[in-house]
Amino acid sequence: MITVSVCMIVKNEEAVLARCLDSLKGIGDEIVIADTGSTDRTKEIAARYTDKVYDFPWNEDFAAARNFVLSKAEMEYIYSADADEVLDDENRRKFLEMKQTLSPDIEIVQMRYANQLQYNTTYNFDTELRPKLFRRLRTFRWVDPVHETVELTPRVLDSDITILHKPQNLHSPRDLSILERAAKSGKMSERLARMYAKELFISGTDADFLAAYPYFEAILHDENKSLDEVRVAQCVVSRAARIKNDPDTFFKAALKNVIGEPCAEVCCELGAWYFAAGDWEEAATWYYTAANGVQSELDLRTSGSIPLLRLAECYLKLGMTDEARECLARAEQCT
């Protein structure tokens, strides 16, 4: 049977920490918690479950905090948990069974992360596989009887264990603040830039888009950026330019996107531009395009409920009541 270190970083989680740790009963051979500055009873609650509670001064870097808590673990495998997660009885049983039978050559176990869309997160899937359990120390070995090489690809198991994500509140203001600072400091990977854009479209305010504008607008002029990076930037710049009422920048970004394979986000922005100008027919064209046949780049709602609701408004302005009712019915099915 494998041994497991449950590793967590926490801050002001008194409302949910006991719920999480109770649901993990029997899974962890040790629990290691790093507190990043709680001002409530979080550390007191954590101390009921483990004597391995450490302070980690918050430095706006979740990866640094997670690396710190991992450095304190001693078991064979790490289970990375968040305080707002819960394992129900069925999935706790599955986890305990897996703990008994997991093959020693498995290095990473992925588990299904559920309830994403319900809580308006940056992930466009209600349930998705995430790496949650992994070896603390990896053993490298040679493979192949001749022309031998070191095996570098980890052995991954996609399990049927489901973790319920049940946050008490949204973290988007905190996350957007960290992302904005990362962009300004040049600490933005391609992956993180896409996450920044997703966060903006799903929960960003006008002020958030305007703060992000310089970073994403610069991407449009950088020949070293990939096509994926440019398409993401076109989405953000289109929205920000519309907020700024800057038609030159807006149409440069938007029309370059729709020349090739348009994304739903930009089609919605074009619809919003023409809607604000009172051109209901042209707005309807772009909302119809977003809702029928193009893919979302960042936010699934931009190819579903958002354009359908706005298209219904356009149809009502144009006196097309039957078409408006149909759009509203389709939008209701998306939510």
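Gain in length, ARG155 to GLU76, computed as 0.36 nm per residue apart minus the alpha-carbon separation, to one decimal in nm? Intermediate results must be reported in sequence, preceding the final value.
Numbers: separation 79, 0.36 × 79 = 28.44 nm, distance 1.53 nm.
Gain on extension, ARG155 to GLU76, equals 26.9 nm.
List the pairs from LYS11/LYS244; LYS72/LYS187; LYS94/LYS187 whose alpha-carbon separation is above 32 Å, in the order I gave them. With Cα atoms farther than 32 Å apart: LYS11/LYS244; LYS94/LYS187.
Do you know the relative contact order of the chain, to the nearest whole percent, from alpha carbon pairs under 8 angstrom that are 6+ apart? Don't skip to the answer; put the middle values down first.
Numbers: 555 pairs, mean separation 38.0, N = 335.
RCO, the chain: 11 percent.
Once Kirkwood radius over Cα pairs in Å is calculated for the structure shown, the corresponding label among (1) 20.7; (2) 22.7; (3) 24.5 turns out to be (2).
Here the dipole of segment 4-165 is about 200 debye; that uses its Cα centre as origin and unit charges on the Cβ of Lys and Arg (positive) and Asp and Glu (negative).
Think of the chain as a dipole: +1 on every Lys or Arg Cβ, -1 on every Asp or Glu Cβ, centred on the Cα centre; then among ILE178, CYS267, PRO57, PRO57 lies furthest on the positive end.
Think of the chain as a dipole: +1 on every Lys or Arg Cβ, -1 on every Asp or Glu Cβ, centred on the Cα centre; then among ALA291, HIS221, ALA253, HIS221 lies furthest on the positive end. Arranged from fewest to most other beta-carbon atoms within 10 Å of their beta carbon, MET8, MET320, MET1 become MET1, MET320, MET8. In plain terms, the chain from ASP228 to TRP58 could stretch by 58.0 nm, reckoned as 0.36 nm per residue minus the Cα-Cα distance. Angle, helix 321-334 long axis vs. longest principal axis of the chain, Cα atoms, 0 to 90°, nearest 10? The two axes meet at around 10 degrees. The packing ranking, built from the mean of other Cβ atoms within 10 Å per residue, places the peptides 265-271, 37-43, 300-306 in the order 265-271, 300-306, 37-43, highest first.
When DSSP beta bridges are restricted to pairs lying wholly in the chain, around 40% turn out antiparallel. Each semi-axis of the equivalent ellipsoid for segment 172-334 is √(5λ) with λ an eigenvalue of the Cα gyration tensor; in descending order they amount to 29, 16, 14 Å. Roughly how tilted is helix 305-317, in degrees to the nearest 10 and between 0 and 90, from the longest Cα axis of the chain? Roughly 20 degrees, rounded to the nearest 10. The Cα center of segment 290-335 and the Cα center of segment 258-278 differ in position by 13 Å.
Let me spell out the model: positive unit charges on the Cβ of Lys and Arg, negative unit charges on the Cβ of Asp and Glu, origin at the Cα centre of segment 172-334. What dipole size does that give, in debye rounded to 20?
Details: 19 positive and 26 negative charges, 95 e Å.
It works out to roughly 460 debye.
Over segment 4-165, what is the percentage of antiparallel beta bridges among all DSSP beta bridges, to the nearest 5? Working shown, then result.
On the way: 14 of 33 bridges.
Roughly 40 percent of the beta bridges in segment 4-165 run antiparallel, per DSSP.
Under the convention that each Lys and Arg Cβ holds +1 and each Asp and Glu Cβ holds -1, the size of the dipole of the chain around its Cα centre is about 540 debye.
Pairing the Cα long axis of helix 247-259 with the longest principal axis of the chain, what angle in degrees results, from 0 to 90 and rounded to the nearest 10? The answer is roughly 70 degrees.
Going from the fewest other Cβ atoms within 10 Å to the most, the residues HIS147, HIS171, HIS221 appear in the order HIS147, HIS221, HIS171.
If each DSSP helix of 4+ residues adds -39,500 (n - 2.57) and the sum is divided by the residues in the chain, what number results at 222 nm, nearest 500 deg cm²/dmol?
Helix-only estimate at 222 nm: -15000 deg cm²/dmol.
No value in this document is a laboratory result; all are computed from the given coordinates. Note that the coordinates shown come from a computational prediction; the quantities given were computed from them, not determined experimentally. Every residue, glycine as well, gets a Cβ built from its backbone with ideal geometry; the counts of neighbours run over all protein chains shown.
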